[in-house]
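What follows is one structure encoded as structure tokens, with my remarks underneath.
The values are calculated or read from the model by the stated rules, or taken from the named source; none is laboratory data. The shown structure was predicted, so the numbers you read here are calculated from the model rather than taken from an experiment. All Cβ positions, even for glycine, are placed from backbone atoms using ideal geometry, and neighbour counts span all protein chains on display. The area values use the complete protein model at the heavy-atom level, side chains included, leaving out ligands, DNA and RNA. Shrake-Rupley method; radii C 1.70, N 1.55, O 1.52, S 1.80 Å.
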Amino acid sequence: MVKVIKAGKTQEEVVANDTKVSEIVSEALKAVENRGDQAVRELSEKFDKWSPESFRLSESEIKEIVAQVPDSVIEDIKFAQTNIKAFAEAQLASLHNVEVENIPGVILGHKNIPVNSVGCYIPGGRYPMVASAHMSVLTAKVAGVKRVIACTPPINGEIPKATIAAMYLAGADEIYLLGGIQAMGAMAIGTETIESVDMIVGPGNAFVAEAKRQLYGRVGIDLFAGPTETLVVADHTADAEMIAIDLLGQGEHGPTSPGALITTSEELAHETIKEIERQLETLPTADVASVSWEDYGQILVVDSIEEARIEADRLAFEHVEILTENPDYFLEHMTNYGCLFLGPETNVAYGDKVIGTNHTLPTKGAARYTGGLWVGKFIKTVTYQKVTPEASAYIGEYAARLCLLENFEGHARQAQLRVDRYSK
């Protein structure tokens, strides 16, 4: 039995907010479609108060910006990128081309081909999301994408120098100081000065996520990655201080970032509420984290670890921390999550910034059907076939009959032609 200690906003309230976002995004994308660079500039002025002579940074501008970043920051960026690149390369090595002869003379295969061009969005706004450059640009380059462009917004009219440095070190071919809906629209639709791409990737706020949703089909996307979500699953062995900071630490992303606790201990549930209130008194980002917790925070008490697993799979959250006696139980049995963080020694911040796994992960229940961003997202697995004359005559007889079974006369004639031509 599930006992709700704290509930967030209702689904009806969330949907109403999503509708408003959808309308704003739709109008902005129409403007980019119809008026190109002019619309992009107007939107940038409106949302970011930013209108430089060129949104694209030149090679000399990039190098000048990178030179201003402290050496210690550059070293930290390189450390993170080394870890992320190594894991991405290991993932790439798991992908293999296939070729089999399943009937004599019939050769079937698949090839893994990188997407030709990708646009990467690196969020900015309140926070310079340096790590997102590693996660998208670097991973695309490891996958073999030829042209990788990257957009990030200015922050309060200033250039986010460390983010630009991370984009450059990750291997971006073009860097634009451009944010939000206008960046997504420019990359996907194209303008007079920005050549469109085949795919757009990266996390962002509700407007960026909705832009990706509306642009999907015109271009490919990685996944719908909206406001970050964090779930902690805990039993009697966990402590409230750790749970509270791990939830608030993600809640500071934005006021619509859901955080949830599922626990077998009602005592721990109430201790966590008190601890969250205590930590909010001193957390510098409490103005944001307190809103996300108040509006989107949840606490559920369950009777058993098995029931905790069922509820966790139902929520299908992006990040799932396991603070239980046997964390591996969830690795073995849980199916719906973006990334698992097993045991108190790790946490979502490691995955977000440095450890090597990708931080662009499914939200809003998408973990039920997809995983997060990885090299495989940038690769198309395409098939081919080669057939000898003798095998074509053999296969053709089956194909012709099966085509006629479905009333496809033209299909059947394709097959019968081969039978007639290649039969001995």
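Quick check for you: with a 1.4 Å probe and neighbouring chains kept, what is the accessible area per residue of segment 303-424, in Å²?
Numbers: 6910 Å² over 122 residues.
The answer is 57 Å² per residue.
As a quick test, which of the pairs Lys20/Lys377; Lys30/Lys212; Lys63/Lys161; Lys30/Lys377; Lys274/Lys364 have an alpha carbon distance above 21 angstrom in this structure?
Working: Lys20/Lys377 30 Å; Lys30/Lys212 14 Å; Lys63/Lys161 10 Å; Lys30/Lys377 27 Å; Lys274/Lys364 27 Å.
Listed pairs above 21 Å: Lys20/Lys377; Lys30/Lys377; Lys274/Lys364.
Based on DSSP, what percent of beta bridges with both residues in the chain are antiparallel, to the nearest 5? The partial results should precede the final answer.
Numbers: 19 of 53 bridges.
Looking only at bridges with both residues in the chain, the antiparallel portion is about 35 percent.
Determine the share of segment 1-124's accessible area contributed by carbon and sulfur atoms, expressed in whole percent, with a 1.4 angstrom probe. Could you put the intermediate results ahead of the total?
Working: 4070 of 7570 Å².
For segment 1-124, the apolar C and S fraction of the accessible surface comes to 54 percent.
Using a/c under 1.5 as the rounded threshold, could you call the chain rounded, prolate or oblate? The axes a ≥ b ≥ c are square roots of the C-alpha gyration tensor eigenvalues, and prolate needs a/b larger than b/c, oblate otherwise. Intermediate results must be reported in sequence, preceding the final value.
Numbers: a/c = 1.94, a/b = 1.33, b/c = 1.46.
Taking the square roots of the gyration eigenvalues as a ≥ b ≥ c, the chain is oblate.
Among the helices of the chain (complete DSSP H runs), which have Cα atoms covering no less than 30 Å along the helix axis and a Kyte-Doolittle mean of at least 0.0? Intermediate values should be presented prior to the final figure.
Working: long enough: 11-48 (37 Å, -0.68); 71-93 (32 Å, 0.10).
In the chain, the long hydrophobic H runs are 71-93.
Would you grab the residues whose amide H sits under 5 Å from the one on Glu321? Only those 5+ places off in sequence or on another chain, please, with H modelled 1.01 Å from N.
Distant-sequence amide H within range of Glu321: Leu231, Val232, Val233, Phe341.
Evaluate the distance, in nm, between pseudo-label points positioned 7 Å from the Cα of Gln385 and of Glu64 along their respective Cα→Cβ axes.
Here the modelled spin labels are 5.9 nm apart.
Could you state the number of Å between the C-alpha centres of segment 23-68 and segment 140-175?
When both Cα centres are located, 14 Å separates them.
Enter the Cα centre distance for the pair segment 237-257 and segment 298-320, rounded to the nearest angstrom.
16 Å
For segment 328-378, which chymotrypsin sites (Phe, Trp or Tyr not before Pro) are both in a DSSP coil and crowded by at most 12 other Cβ atoms within 10 Å? Could the numbers behind the result be given before it?
Working: sites: Tyr329, Phe330, Tyr337, Phe341, Tyr350, Tyr369, Trp374, Phe378; in loops: Tyr337, Tyr369, Trp374.
In loop regions of segment 328-378 (DSSP not H, G, I, E or B), the sparsely surrounded chymotrypsin sites (Phe, Trp or Tyr not before Pro) are Tyr369.
Quick one: among Ser94, Ser22, Ser51, which has the greatest mean-square fluctuation in a GNM of the chain with alpha-carbon springs under 10 angstrom?
Among Ser94, Ser22, Ser51, the largest GNM mean-square fluctuation belongs to Ser94.
Would you grab the residues whose amide H sits under 5 Å from the one on Leu223? Only those 5+ places off in sequence or on another chain, please, with H modelled 1.01 Å from N.
Gly202
Positive end of the dipole of segment 106-218, charges at C-beta (+1 Lys, Arg; -1 Asp, Glu), about the Cα centre: which of Cys120, His110, Ala165 has its Cα farthest in that direction?
Towards the positive end, the residue furthest out is His110.
At R0 = 25 Å, how high is the FRET efficiency between Tyr350 and Asp239 if r is their beta carbon distance? Nearest 0.05 is fine.
Values: r = 19 Å, r/R0 = 0.74.
So, using R0 = 25 Å, E works out to roughly 0.85.
Could you report the accessible area of Leu283 in Å², rounded to 10, computed with a 1.4 Å probe on the protein chains as they sit in the structure?
Ignoring ligands and nucleic acids, Leu283 comes out at about 40 Å².
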